[in-house]
Amino acid sequence: MNTQNTPVHIRLWHRDFWLMAMANLMLTVAVYVLIPVMPKWLLQTENLTLQETGMIMGAFGIGIILFGCFTSYLVQRFRRNMACIWAIMLMAAMLGWLYYLDLQKSQFFDLRILLLQRLALGAAFGVAQMILSSTLIIDTCESFQRTEANHSASWFSRFALSIGPLAGIIVDRMAGFDMVLLVSIGCTLVAIFFILLVHFPFRTPEETFKVVSLDRFFMPRGWPLILNLMVVTFVMGLLLSTIMSELFYGMVMVGFFVALLAQRFVFRDAELESEVITGLVLIGIAVLMMLTRHQAVVSFAAPMFIGFGLGIIGSRFLLFFIKLSRHCQRGTAQSTFFLAWEFGLALGIALGYGLLEQQIGPILQMSLCTTVAALLFYHFFTHNWYIRHKNR
């Protein structure tokens, strides 16, 4: 039987690792807090159309991949923690620019300005997150703990997918969009503070390193995993384009907690394929419930199923990427997972606004069909392909 577990080392959870994990959480919350409220601002304050709003939200996903090929160069050329901090500072500057635009309430801004802001924010976030997850986090732990470190730290950014939008909706309702932006900027500053508290000794760069490289950026050989994960997060992005409920994100968070416990106790020695299959089945059931049922219990059960499914799928796919990587490709595997996750999410949000125009019926129908496609593709191709090609 193919099983695969990640051991628990209590010594991993020392001060420096906690600081890096919390920096990861704050950095991701700074981005996700805008997901439910920025489109409303674009539509109501800037008077943009749904198609223009979709373009702006989707530009973030394109921005994420723009400068990833320079990640290895930045880490080699400059101190790795300072390269991450400068990228986060650029994020804060882009958020500050958006805050300035929001203060100019009597003036409408050109679509190109908003596209540029969102593109630059995505580019800065992509570089910062790739350096943080592929280099800084694993540099705080022993070599035999690195798989567990990647696995554990990723849960912090996963929880941000519920914490960020939940906080955004609450703050927007209480104090407005400008306060949401200040919260986002505050999260970036806290992330910088956490990184500064950790000492990273100077590391001599390699004798020769390329300015443009796939190292710490992208692993093309993992294309079936990339495609399958993008389809899963695409479904989540579609759903995020329609839902503005605190209850939904709160129950997604509950689902994440249940998935975390289930992965440790229920799926500990289960067949390797069972986690992803279970997650996709539960997401499909949740979407079907939302499409065909209107009882109050659906408002609680459906988002919990979605959180549970997304949690165990994301966690397992990250381990797949790591096990697929060759020697010295751990950071590249981590960044590839991050790119697939974020691009699928951004694409789903963009199409939910721009193409499906927030129509709940068509969005749920497409979500259900896409989930079934992801399930069939994983069961009949991706899983067997991974078993044949894994290296660890």
(request) Scan the stretch 173-185 for residues that are at pLDDT 95 or above and either in a loop (DSSP other than H, G, I, E, B) or of a type in the set (Gly, Ala, Ser) (or both) and jot them down. (result) 184
(request) Tell me which of these residue 229 doesn't satisfy, since it passes every other one: (1) closer than 27 Å to residue 43 by Cβ; (2) open to solvent by less than 10 Å² (accessible area, probe 1.4 Å); (3) aliphatic (A, V, I, L, M). (result) (1)
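When you go through 188, 242, 233 one by one, which is the residue that is polar (S, T, N, Q) and part of a loop (DSSP other than H, G, I, E, B)?
When all the criteria are applied, what remains is 242.
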(message) Cβ-Cβ distance below 6 Å, separation of 6 or more or different chains: which pairs start in the stretch 145-167 with a residue that is within 22 Å of residue 330 (Cα to Cα) and end on one that is open to solvent by 10 Å² or more (accessible area, probe 1.4 Å) and in a helix (DSSP H, G or I)?
(response) 146/138; 149/138; 150/334; 156/25
(request) Give the number of residues within the stretch 128-164 that are open to solvent by less than 10 Å² (accessible area, probe 1.4 Å) and among the β-branched types (Val, Ile, Thr). (result) 3
(request) Could you identify the single residue in 175, 167 that is surrounded by fewer than 17 Cβ atoms within 10 Å (Cβ to Cβ), of a type outside the set (Ser, Thr, Tyr) and over 24 Å from residue 68 (Cα atoms)? (result) 175
(request) Kindly indicate which of 121, 74 is under 24 Å from residue 240 (Cβ atoms) and either open to solvent by 40 Å² or more (accessible area, probe 1.4 Å) or not aromatic (Phe, Trp, Tyr) (or both). (result) 121
(message) Filter the stretch 258-268 down to the residues that are touching a residue at least 24 places away in the same chain (Cβ under 8 Å) and surrounded by 15 or more Cβ atoms within 10 Å (Cβ to Cβ) and list them by number.
(response) 258, 259, 260, 262, 263, 267
(request) Enumerate the helices (runs of 4 or more DSSP H) found wholly within the stretch 269-387, keeping only those where 1 or more residues are surrounded by fewer than 16 Cβ atoms within 10 Å (Cβ to Cβ). (result) 274-292, 296-324, 360-377
(message) List the residue pairs whose Cβ atoms are under 8 Å apart, where the first residue sits in the stretch 170-198 and is aromatic (Phe, Trp, Tyr), the second is open to solvent by less than 70 Å² (accessible area, probe 1.4 Å) and outside any helix (DSSP H, G or I), and the two are 6 or more positions apart or on different chains.
(response) 177/37; 177/45
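Conditions (1) in contact with a Phe, Trp or Tyr (Cβ under 7 Å, 6 or more places away or on another chain); (2) in contact (Cβ under 8 Å) with a residue 24 or more places away in the chain; (3) open to solvent by 10 Å² or more (accessible area, probe 1.4 Å); (4) closer than 23 Å to residue 139 by Cβ, marked per residue:
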{"site": "39", "(1), (2), (3), (4)": "yes, yes, no, no"}
{"site": "52", "(1), (2), (3), (4)": "no, yes, yes, no"}
{"site": "81", "(1), (2), (3), (4)": "yes, yes, yes, yes"}
{"site": "84", "(1), (2), (3), (4)": "no, yes, no, yes"}
{"site": "90", "(1), (2), (3), (4)": "no, yes, yes, yes"}
{"site": "95", "(1), (2), (3), (4)": "no, yes, no, no"}
{"site": "109", "(1), (2), (3), (4)": "no, yes, yes, no"}
{"site": "113", "(1), (2), (3), (4)": "no, no, yes, no"}
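For the structure I just gave you, tell me whether residue 242 is open to solvent by less than 40 Å² (accessible area, probe 1.4 Å), at pLDDT below 95 and over 22 Å from residue 87 (Cα atoms).
yes
The values are calculated or read from the model by the stated rules, or taken from the named source; none is laboratory data. Quantities reported herein were computed from a predicted structural model and do not represent experimental measurements. We place every Cβ from the backbone using ideal geometry, glycine too, and count neighbours over all the protein chains shown. Ligands, DNA and RNA are excluded from the accessible area calculation, which covers all protein heavy atoms including side chains. Shrake-Rupley method; radii C 1.70, N 1.55, O 1.52, S 1.80 Å.
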